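The values are calculated or read from the model by the stated rules, or taken from the named source; none is laboratory data. In this text, all values refer to a predicted model and were calculated from it rather than measured experimentally. Heads up, the Cβs are rebuilt from the backbone with ideal geometry, glycines too, and the neighbour counts pull from every protein chain shown. To get the accessible areas, we keep the full protein, side chains included, count just its heavy atoms, and leave off ligands, DNA and RNA. Shrake-Rupley method; radii C 1.70, N 1.55, O 1.52, S 1.80 Å.
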Amino acid sequence: MNILISACLLGVNCRYDGGGKLIDEIDQLKKTYNLIPVCPEVYGGLQTPREPAEIIDGKVMNRKGEDVSENFTRGANETLHLAKLYNCKYAILKERSPSCGFGEVYDGTFSGNLIKGNGFTAELLSKNGIKVIGESEIDSFLKGGLEEL
Ligand code: SF4
């Protein structure tokens, strides 16, 4: 089964700060699933490293005050394209990111405060029937299997 996964969770250095966020469960996941890495912000034409960005009033603004919503929208659409191409029903996405976060994101003040909400890509995938799983849920995902979620 094909599953989308945020590339940074595989240790790819595509985050805004030029780093990755390698998770421990990769080998376990690879044993059972075919992982399709995606990085919506790179697909949206943004550089790495780049200014951090947060969602405010439905737009994505970077720390310099530039509106990068178009890049984030483009990246979300490209990611959905891949999800459909590979028939992915699940996506394991980096929590709290303005692209990949699902359920909670930063509040737009760049002060570390979290609010309820979804990143642009997580929202689009979810609206298209793809179940989004955060990295903190991987253990239960692996233990319980797909039906448990
Ligand atoms: S857009 Fe998603 S995959 Fe790319 S660096 Fe940010 S959290 Fe990771």
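Less than 5 angstrom separates the built amide H of residue 36 from those of 3, 4, 5, all sequence-distant by 5 or more or on a different chain.
Sparse packing (at most 14 other Cβ atoms within 10 Å of the Cβ) combined with a DSSP loop state is found for the following trypsin sites (Lys or Arg not before Pro) in the range 17-104: 63, 64, 89. Across the range 125-132, computed HN-Hα scalar couplings (Karplus, 6.51 cos²θ - 1.76 cosθ + 1.60, θ = phi - 60°) run 4, 4, 4, 9, x, 9, 6, 9 Hz from first to last residue, x flagging Gly and Pro.
Shown in residue order for the range 24-36 are the 3J(HN,Hα) couplings computed by the Karplus curve 6.51 cos²θ - 1.76 cosθ + 1.60 at θ = phi - 60°: 6, 8, 4, 4, 4, 4, 5, 5, 9, 10, 8, 8, 10 Hz (x for Gly and Pro). Normalised Debye scattering of the chain at q = 0.15, 0.21 Å⁻¹ gives log10 I(q)/I(0) of -0.70, -1.38, counting only Cα atoms as equal scatterers and leaving out solvent. Remark on residue 133: its backbone amide H falls under 5 Å from those of 91, 92, 93, a criterion applied only to residues 5 or more positions apart or on other chains, H modelled at 1.01 Å from N. Cα centroids of the range 1-58 and the range 128-144: 15 Å apart. Think of a 1.4 Å ball rolled over the protein heavy atoms: the range 2-148 then has 52 Å² of accessible area per residue.
Applying 0.36 nm per residue to the separation of residue 64 and residue 47 and subtracting their alpha-carbon distance, the gain on full extension is 4.6 nm.
Quick one: pull the percent of accessible area on the chain belonging to carbon and sulfur, 1.4 Å probe, ligands and nucleic acids left out.
C and S atoms contribute 46 percent here.
Note on residue 137 and residue 73: the extension gain reaches 20.5 nm, defined as 0.36 nm multiplied by sequence separation minus the Cα-Cα distance. Summing charges over all other residues whose Cβ lies under 14 Å from the Cβ of residue 101, with Lys and Arg as +1 and Asp and Glu as -1, gives -3. Cross-linked pairs 84/143; 59/127; 30/143; 30/127; 21/127: Cα-Cα separations exceed 23 Å for 84/143; 30/127; 21/127.
Here the Karplus relation 6.51 cos²θ - 1.76 cosθ + 1.60, evaluated at θ = phi - 60°, turns the backbone of the range 68-80 into coupling constants of 10, 4, 4, 4, 5, 5, 4, x, 5, 5, 5, 5, 4 Hz, with x for every Gly and Pro.
Sites counted here are chymotrypsin sites (Phe, Trp or Tyr not before Pro) in a DSSP loop (not H, G, I, E or B) having no more than 16 other Cβ atoms within 10 Å; the longest part of the chain that contains none of them is 1-85. Restrict the search to the range 39-89; then list the GluC sites (Glu not before Pro) that DSSP places in a loop and that have at most 13 other Cβ atoms within 10 Å of their Cβ. Taking the range 39-89 and a limit of 13 other Cβ atoms within 10 Å, the loop GluC sites (Glu not before Pro) found are 66.
Amide H to amide H distances under 5 Å link residue 60 with 68, 69, where only residues 5 or more positions off or on other chains count and H is placed in the peptide plane. Pairs of Cα atoms nearer than 8 Å and 6+ residues apart set the relative contact order; for the range 2-148 it is 22 percent.
Treating each Cα of the range 55-101 as an identical point scatterer and summing with the Debye formula, the log10 of I(q)/I(0) at q = 0.13, 0.23 Å⁻¹ comes to -0.35, -0.88.
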